[in-house]
Structure formats: structure tokens, C-alpha cells
1. Rounded to the nearest 0.05, what FRET efficiency do A:Gln456 and A:Asn419 have when you use their Cβ-Cβ distance and R0 = 25 Å?
2. Under 8 Å for C-alpha pairs, at least 6 residues apart: give me the relative contact order for the stretch B:37-86, rounded to a whole percent.
3. Taking R0 as 22 Å, what's the FRET efficiency between B:Arg159 and B:Asp121 from their Cβ-Cβ distance, rounded to 0.05?
4. Using the basic label-point model (7 angstrom from Cα toward the beta carbon), what is the A:Lys45 to B:Lys181 distance in nanometres?
5. For the stretch B:62-114, just list the percent of Cα-Cα distances falling in each 10 Å bin from zero outward, please.
6. How would you rank A:His350, A:His250, B:His48, B:His36, going from fewest to most other Cβ atoms within 10 Å of each one's own Cβ?
7. Just grab the label-to-label distance for A:Lys281 and A:Glu78, each label 7 Å out from Cα along the Cβ direction, in nm (one decimal).
8. Using the crude model of +1 on Lys and Arg Cβ and -1 on Asp and Glu Cβ, and no other charge, please compute the dipole size for the stretch A:416-462 relative to its Cα centre, in debye to 20.
Amino acid sequence: MPKIKDRKKIENTLAKEYSAGFVTDVESETFPPGINEDVIIRLSKIKKEPKWLLDFRLNSYRIWESMKQPDWSTLDIEPIDYQTISYYSAPKKGPASYDEVDPEIKKDFEKLGIPLGERAKLAGVAVDAVFDSVSVATTYQKELADKGIIFCSFSEAVHNHPELVKKYLGTVIPKSDNYFATLNSAVFSDGTFVYIPKNTRCPLELSTYFRINTANTGQFERTLIVADEGSYVSYLEGCTAPMRDENQLHAANVELVALKDAEIKYSTIQNWYPGDPVTGKGGIYNFVTKRGLCKGANSKITWTQFETGSRLTWKYPSCVLKGDNSVGEFYSVALTNGHQMADTGTKMIHIGKNTKSTIISKGISAGNSTNTYRGLVKVMKSATNSKNFTACDSLMMGNKCSAITIPYIKNENKNSYCNHEATTSKINDDQLFYLRQRGLGEEDATNMLISGFCKQVFQQLPMEFAVEANKLLEVSMEGSVG
Amino acid sequence: MEITNHYKETVNLKDNAVLNYDIKSNASARLFFCDHEGFDLNINVNLHENATCEMYGFFKSNGKNANVVTTVTHNGKKSKCDQDFRFINKESNSSFQGKITIPKNITGCESNMLNKNLLLDTDSTAFSKPELDINNDDTVCTHGSTTGPIDKDQIFYLRSRGIDEQSAVDILIEAFYQDIKYKMSIDQ
């Protein structure tokens, strides 16, 4: 046990509030709570959507009505009343260009340290900012357009590039995929669309920031990234929300399509409001469906994620390795503290020949939290000479947390290898002793060991994000030692 | 039946067998499972304080499916458990589902689980689901699972020593469960 002095310090840091938990005072137009076909028709009308998209939404809604919320996860979900959620919220003043963005919103994103204006140039990142249900600003569009790259909000894409959206929407995550994905297909409000033309290497990191501001709204965004033959793109995603006592739902769909020789790198730093650390009240329900399709030969999709926030997390970024020689990678650090619960992992489905996949998953649980890894590796009969390697390690801090590992490995091909290994333990006392002996405090030593534990994953993050991730890790772990 | 002292017995099992083991404080048990016919087997192990359990199994099934489900619950502090299950599949499907549960407040436990599957032909499949459910931090737990064909390099090595293909495969299959066979032989 730490000394009384240390205790006090820990108590102080524990009392520290979620730093992104402020509410921005913006006049917004919000739908009254509830979902029915009229709401969807109204939503579609506001967005001036073509008929095919309205049909897509209505069909999804009809399928969703006949579905039941699944309950197989290890999460304790309080029943969600879908009629009390508002399905659309937008700042009243619609911006025509970045200069016209409501200063309050600009300030909000400044507070979060997200470069929208001149700072974007310094950081060398193109940003799309989604505030509640609407994309408020997309930077760098011109520079990207010169190369033929399309990076815009989903609604813009529906108007300007309907043929591309129509061709790929719902091809990776079908309408009837699962309860939350289907709900998203019915009511998705906005999101990001990226198209990289043939043989183009995207010169910038593309980035989207999502923020839920209004109370009682759900955020349902949809991201669609298409990398045409021989192209490369790296995409970052970050999220925050204000502190509120009630739970808010976030159900997003992310679809990636990599054609022949293309490579997509998708990185996420998720820092939704995790709920009150002591009582577990409030927080975001993060039920996300993410899936990538390696459609062409030699394509590659990499998921890198760092999950620190959300009251409940339920997501499995997956790769369908359809093209021959395609590669799927998944690097994840999931950290739960307080009363958080996470059920996360990945699915690797090998269909093409010589496909390879790597899964590195690190789970850290502290406080009263539960951290579950659930993964599927499936090698189909057609996937000759495929290889999979999985390593999932769990680190536990304190005797009130849980770490659960549930891998599913199915191999149907005689010439394919699957390897899986997992360990669960606490921080090694010898290592801690070594660092303490060198004069480091207990908290610093623990932080150092944890960042060593996560290093393999953080190396995969783009540089700016890796720095942010390390800082976030320290903040999230504060007070959990001892 | 209360078992004290050293005890050894060989049992023939029927299909769909459910075996429940309750290992008392300070006791240790070593269990071997071996089968060539293919069947469904459920093994439940309950460990009390300081108890140790080792479980080894190899299943070589020709055309018949082997399904094994193990559930190990550590109900006493400082209990230990080792599991090693190996399946050789020829025109067959194997499935292994293992679950290790360590409840809250049961500290000082150690539990390891290993599952290896060999696929010898295109009609074979292997399914593996090694689960860990750990609820306190004073625990060391590992699991590992591998699935695949016989290593081509190893076959090449033996072939280059003048051994024909079929014999080389046979030797490597033998080697695949050699550890378990060895452990069995020193026990008897």
C-alpha cells in the first residue's frame, strides 16, 4: 500500500475530472426524441437525399424493427429505450466555409486541441470535424482535390459523388448485419467519405473528430473509405463528449474497401466520456461496427486502436481477406478504469490464398472494470497457405477488476497455420522493484511499465497520435496504482 | 467415494461422457485422456486450496470427430492447473473448448492451457476456443493454441536423411504427442 502522502496525491488525481467534459453553448436544431418512419423521412428530407438512399434507410429500419438487441456480451447494459433518444441534432447556423463556422464550435475544437484553422497546416493533417450529427468543417479539401482525392462529409459525398457512394455503401456491412449496424443504416446522420484514386499516395494524414454535445442525442455516423488500385491512405479518428448523468448511445458504422494493391491504415483514439469513476453513472455506450474488405489481390488493411473512454465498448474491427495475398492487421490497446466495461477484439476471415493476419491486443483493466477480448480467426477451405498470429495480453491492476479472453479459432484448410497465445497477469513485482530502486516513484514506475506493455501497439500509431496516446494513458491511469 | 492416498485407475468411457473432478485441499491429480475413436467429452474440474491438477490428452481420430470441453474453476487459493490437449485430424473435425475461471478473492493461482491441432488432409477442420475468465490480479494465467499441418521443413529434414515421405510423416505425428506419451509412461 502506498504511504499516506501518496494516498492523498492519488485521491487528488482521482478527483480530477474528465478534461473534455465541457458543454458548448450552441443553438442547435434537435429532433424530438423517438424513432419511426416519419423521423427517417424527415431526416432524409433535411439532408436532401436522393430516393435510393431514403429507400436504403427505410429498408434498414424495417429490418431493425424485427431484430432484437443481442445480449451475448459480457457487458451489463441497462435497457436502452430507443424512443427517448433524439436521432438528429445540428448547430442552427450551417457553415458555408471554415470562416463561417460558429466561433463557439471553433472554440470547442480548440479546447480539445484539434487543429481546424492555421494549426492544421503546421500539423500537416487534414481534418473533418463532426459536431453532434453534422460535419462542421473539413480542412485542406482543395489541396487534396488537386490529386483527385475526395475527402468530405458523407452528406456532401451523396450529392457530389452519388455513383461512388451508391456503389460501395453497404457492401462491407450489409443492411441486416447486426442490431446496432442496422439501426445506424436507418438513421445515420453524417460522417466521412474518402476516396483515393488509382495509384495515389495520400500526402496527408486524414483525420475526423467526433463530438457529441447535445443531451439525449445519439450519434450515428457512417464512414466509408475506398482505396482504389495501388493507393495508400492513413486515416485517424478521435472522439469526445461532455459529462452527463445519463447514458448516451453512439452507434457508428465504418466500412473500408481496399482494391488491388491498395493499403488502408485506420487509427482510432477513443476518449468518449467514461461515466462517473466512483458511481459508474452516465457515460457513452459505444457500440460500433467496423469492417474492412481486402477486395483485391495484395491489398492491406491495418486497424490500430487505443480505447480509453466509454462506459461500455462493444466493437470488433474486422478484416475480410478476400483478395489473394491480402494482409490484415489489428493492433489494440484497450484500457478500462472505474466502472467501465469493454468487450472488444477483432475478426479475421481468410478467404483468399496466401492471406496473412496479425492480431496484437493489449488489455489493461483497473478499478472495478471488466475488459474482455473476443476474437475470431476463421480460415476458409479456399485460403491455402494462410497464416495467422495472435497475441493478446492482459494486465490487471487491483483485485476488483476482471480480464476475460475469449478467442475463437477455426481452421478448415490443411495448409494454413493459426497461432494464438495469451497471458494474464499483474505488473511484475521484480520490474517494479528494479525501477523503484533506481529512484522512480511507484506511480511513475508503473506508468513506465504500462507504456512498455503498450509499446508494440503505439509504434503503429502515426507520430502525433502516439504522443497523444501516451499522454492519455498517463491521465487515464492516474490514481489506479496502489 | 472419498479418495485418500495414492490412487490410480483406468476407466473406459462411453460417448458423451461428463467427468466431474473435485480436488480437495493440498491434493494433486494427474489425468490422462486418450482416444482413437472420436467422441464428446466434458471435463469439469473444481480445485480447492493448494490443490494441483494436471490434465493431458491426445486424440487421434480417423474419420471421427472429437469434441472436448474442459471447465476449470479455481475455488481455493494457490491452486494450480495445467492443461495440454492435442488433436490429430485425418478426415475429421476436432473441437476444443476450454474455460478457466478464477473468481474474485481467490489469489495466488496459476493456470495454463495449451491446445495443439494437426491437420493432415483437406477434409479436416479444427476449432479451438481457449477462454480465460480472471477476476483478480494476483494470478498468472496463460493459454496457447496452434493449428496447422506438419512442418514442411521437418519433413524435408527427415527426407534428406533417407527416410521416405510416409515414414517421415509418421515419425512427426509420433513426435507431436511424444511429450504426453512420455508423461504417461513415467506415471505407470
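1. 0.95
2. Result for the stretch B:37-86 is 53 percent.
3. Between B:Arg159 and B:Asp121 the formula returns 0.70.
4. It works out to 7.8 nm between the two label points.
5. 23, 39, 23, 12, 2
6. Ascending Cβ contact count within 10 Å gives the list B:His36, B:His48, A:His250, A:His350.
7. 0.9 nm
8. Dipole of the stretch A:416-462, to the nearest 20 debye: 120 debye.
All of the numbers you see were taken from the coordinates with simple rules; none came from a lab. This one's a predicted model, so the numbers in the text were calculated from it and none came from an experiment. With ideal geometry, Cβ positions are generated from the backbone for all residues, glycine too; neighbour counts draw on all protein chains shown.
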